[in-house]
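Below you'll find the structure, written out as structure tokens, and then a few comments.
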Amino acid sequence: MDNNRSTFGSKFGAVMALAGSAVGLGNIWKFPYITGENGGGAFLLVYLIFIAMVGIPLMLTEFALGRRGGKNVSGTFKKLAPGTKWHYFGVSSVVCCFIILSYYGTIAGWTVEYVQLFIKNSFHGLDAVQIQSTFNDFVSSPVKPVLWQVGFIFLTGAIIIGGVEKGIERYSKILMPFLFFLVVIMSIKACTLDGAKKGLEFLFTPDFSKLGARSVLIALGHSFFSLSAGLGILLTYGSYLDKKTDLVRTAIQVGSADTIIAILAGLTIFPAVFAFGMQPNAGPGLIFLTLPNIFGQMSFGAFWGFLFFILVSFAALTSTISLMEMLVAFVIEELHMNRVKATILTVITISIVGVLSTLSFGPLGGYSLFDKSIFDIMDFVSSSVLLPIGGLYMCFFAAWVLKKKDLKDELTNGGTRQFRLFGVYIFLLKYILPLAILIIMLDGLGVF
Ligand code: PHE
């Protein structure tokens with residue numbers, strides 16, 4: 001590792017930064033509704049198995065590669081496999097994160113609009129139809145969503161420009177504990193509402209009749225997405241972990257934090273949904289349409305709504321930070337720029353591409369390819385094509401190209417830590433992970 005390369009300043013800070021990447025819209029927006037649609041507790045069970053058997057091992061693999069290579073996602077392969085073409089795969093991960101960040105900013109921007117709507121108490125007295133039209137008018141308007149999205153990306157850039165320890169770590173150490181505090185408070189509030197019990201039953205009672213093959217695939221795909229695995233982000237952050245950090249323990253801590261926050265988000269949303277007689281399976285509209293309805297009927301609803309969307313926007317922010325850092329690390333090291341210039345370049349290009357995604361809900365709505373809007377295409381290309389490719393090449397590299405001895409050396413800090421399950425890990429890495437990723441990919445491409 002370069003002597004002057006930055007690392008996280010503390011273990012706590014590193015875990016907060018990593019958990020910040022993992023905890024995002026996937027936990028608070030997606031996890032609750034896919035759990036609701038796919039059999040509650042039964043789905044949760046399958047999801048937990050995938051987190052442990054697929055998500056965490058992949059995270060561990062990225063950590064090991066990143067720390068061993070000590071560079072960005074492309075540079076790491078140049079270092080670990082000099083003179084080969086492996087580093088081109090790294091570039092595909094960079095493209096993938098670039099696309100994800102561009103459209104993630106769109107939704108992140110919406111969450112900020114909602115913070116502001118609750119401050120103004122704008123949902124007060126609106127019925128479901130009016131809430132729906134408030135949402136539709138906002139997302140399709142040509143100016144406001146763009147301003148929020150670009151603002152969000154600029155804010156992310158302002159944090160990244162500070163560097164690994166003084167930017168990312170510093171803000172993660174503030175944002176993550178606060179986020180945790182908020183979700184705990186909100187889940188207590190939700191679980192003590194009259195009629196909350198039905199929501200708990202819904203979340204935890206396994207209904208295996210609703211758990212089809214589809215649900216299993218959704219759980220598998222989400223276990224990657226939720227941990228931000230397969231993208232080279234964890235690899236980049238791994239390169240900032242110092243040699244003494246216990247990688248196995250860190251991966252378990254981050255995986256657990258991510259899962260606990262997802263469950264707490266479920267404990268916030270479902271009890272409230274049932275207490276107010278709403279439907280739990282509203283899909284993606286759950287937080288933007290169903291929840292404002294609920295807050296509208298709750299005492300001090302505007303306050304709770306405000307807190308909830310602060311929570312969601314913080315979660316989104318720590319994720320956009322990690323997406324941008326992986327890009328900026330690449331630009332700094334491969335295009336030889338300093339951090340300030342690299343960040344400015346990234347912020348500007350992401351904003352421009354992101355605007356296309358944001359406007360695809362309004363003025364650019366007419367442009368589509370294979371019946372998909374610009375936003376949907378970006379989502380499809382990144383999550384269904386590039387992300388699985390990323391997961392596959394990293395697994396393949398770690399399992400078959402890197403020497404097993406070196407991998408073990410990295411995972412045990414040169415033999416100073418125990419990793420009793422190393423054999424199991426290698427088995428998962430060689431056979432189970434690639435198979436799982438391949439299945440996700442074929443599914444994403446519509447093969448099943
Ligand atoms: N893990 C984040 C979430 O759960 C999503 C994410 C994916 C963030 C990829 C960064 C990169 O929402």
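Residues checked against (1) in contact with a Phe, Trp or Tyr (Cβ under 7 Å, 6 or more places away or on another chain); (2) acidic (D, E); (3) closer than 30 Å to W110 by Cβ; (4) at pLDDT below 95:
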| residue | (1), (2), (3), (4) |
| --- | --- |
| V355 | no, no, yes, no |
| S360 | yes, no, yes, yes |
| K372 | yes, no, yes, yes |
| F380 | no, no, yes, yes |
| S384 | no, no, yes, yes |
| G391 | yes, no, yes, yes |
| T412 | yes, no, no, no |
| L429 | no, no, no, no |
What do you reckon, is T346 closer than 23 Å to T156 by Cα, of a type in the set (S, T, Y), within 16 Å of the ligand (Cβ to nearest atom) and assigned to a helix (DSSP H, G or I)?
yes
Go through segment 26-44 residue by residue and tally those that are hydrophobic (A, V, I, L, M, F, W, C) and within 15 Å of the ligand (Cβ to nearest atom).
4
Is segment 132-147 home to any residue that is β-branched (V, I, T), within 24 Å of the chain's Cα centre (by Cα) and modelled with pLDDT under 95?
yes
Among P206, P177, the single one that is away from the ligand (no atom under 16 Å from the Cβ) and either among the charged types (D, E, K, R) or touching a strand residue (DSSP E or B) at 6+ places or on another chain (Cβ under 7 Å) (or both) is P206
Looking at segment 433-447, is at least one residue in a helix (DSSP H, G or I), within 23 Å of the chain's Cα centre (by Cα) and farther than 22 Å from I49 by Cα?
no
Look through segment 98-109, keep the residues that are modelled with pLDDT under 95 and of a type in the set (F, W, Y), and return whichever of them is surrounded by the most Cβ atoms within 10 Å (Cβ to Cβ).
Y104
Contact list please: Cβ distance under 6 Å, first residue in segment 236-251 and more than 12 Å from P57 (Cα to Cα), second residue small (G, A, S) and surrounded by fewer than 23 Cβ atoms within 10 Å (Cβ to Cβ), pairs at least six apart or on different chains.
S239/G70
How many residues of segment 13-25 are within 8 Å of the ligand (Cβ to nearest atom), part of a helix (DSSP H, G or I) and crowded, with 24+ Cβ neighbours inside 10 Å? The answer is 2
Which residues, counting only those in segment 218-230, are among the aliphatic types (A, V, I, L, M) and either modelled with pLDDT under 95 or surrounded by fewer than 23 Cβ atoms within 10 Å (Cβ to Cβ) (or both)?
I218, A219, L220
Evaluate the following for E62: is it in contact (Cβ under 8 Å) with a residue 60 or more places away in the chain and out of contact with any helix residue (DSSP H, G or I) (no Cβ under 7 Å at 6 or more places or on another chain)?
no
Might you check whether a residue that is without any contact (Cβ under 8 Å) to a residue 12 or more places away in the chain, over 30 Å from Y88 (Cβ atoms) and assigned to a helix (DSSP H, G or I) occurs anywhere in segment 262-275?
no
Condition (residue is more than 15 Å from I56 (Cβ to Cβ), more than 16 Å from the ligand (Cβ to nearest atom) and surrounded by 17 or more Cβ atoms within 10 Å (Cβ to Cβ)) applied to segment 256-264: is it met by at least one residue?
no
Identify all residues within segment 62-97 that are among the charged types (D, E, K, R) and either in a loop (DSSP other than H, G, I, E, B) or modelled with pLDDT under 95 (or both); write none if there are none.
K71, K85
For segment 305-326, check the following and say yes or no: at least one residue is more than 22 Å from G151 (Cβ to Cβ) and surrounded by fewer than 20 Cβ atoms within 10 Å (Cβ to Cβ).
no
Spot the failing condition for L323; the list is (1) more than 16 Å from the ligand (Cβ to nearest atom); (2) within 22 Å of the chain's Cα centre (by Cα); (3) under 23 Å from L65 (Cβ atoms), and only one is missed.
(1)
Restricting to segment 69-94, count the residues that are farther than 25 Å from M378 by Cβ, in contact (Cβ under 8 Å) with a residue 12 or more places away in the chain and either β-branched (V, I, T) or within 16 Å of the ligand (Cβ to nearest atom) (or both).
1
List the pairs whose first member sits in segment 420-432 and is touching a residue at least 60 places away in the same chain (Cβ under 8 Å) and within 11 Å of L60 (Cβ to Cβ), whose second member is of a type in the set (V, I, T) and in a helix (DSSP H, G or I), and whose Cβ atoms are under 8 Å apart, counting only residues at least 6 apart or on separate chains?
L428/V54; L429/T61
Which residues, counting only those in segment 95-113, are within 13 Å of the ligand (Cβ to nearest atom) and within 15 Å of V150 (Cα to Cα)?
F98, I99, I100, L101, S102, Y103, Y104, G105, I107, A108, T111
Which condition number in (1) touching a residue at least 24 places away in the same chain (Cβ under 8 Å); (2) touching a helix residue (DSSP H, G or I) at 6+ places or on another chain (Cβ under 8 Å) is the one that R5 fails?
(2)
Restricting the search to segment 116-138, which residues are of a type in the set (A, V, I, L, M) and buried (at least 19 other Cβ atoms within 10 Å of the Cβ)?
L117, I131
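The values are calculated or read from the model by the stated rules, or taken from the named source; none is laboratory data. Worth saying up front: this structure is predicted, and the values here are computed from it rather than measured. Backbone-built Cβ (ideal geometry, glycine too); neighbour counts: all protein chains shown.
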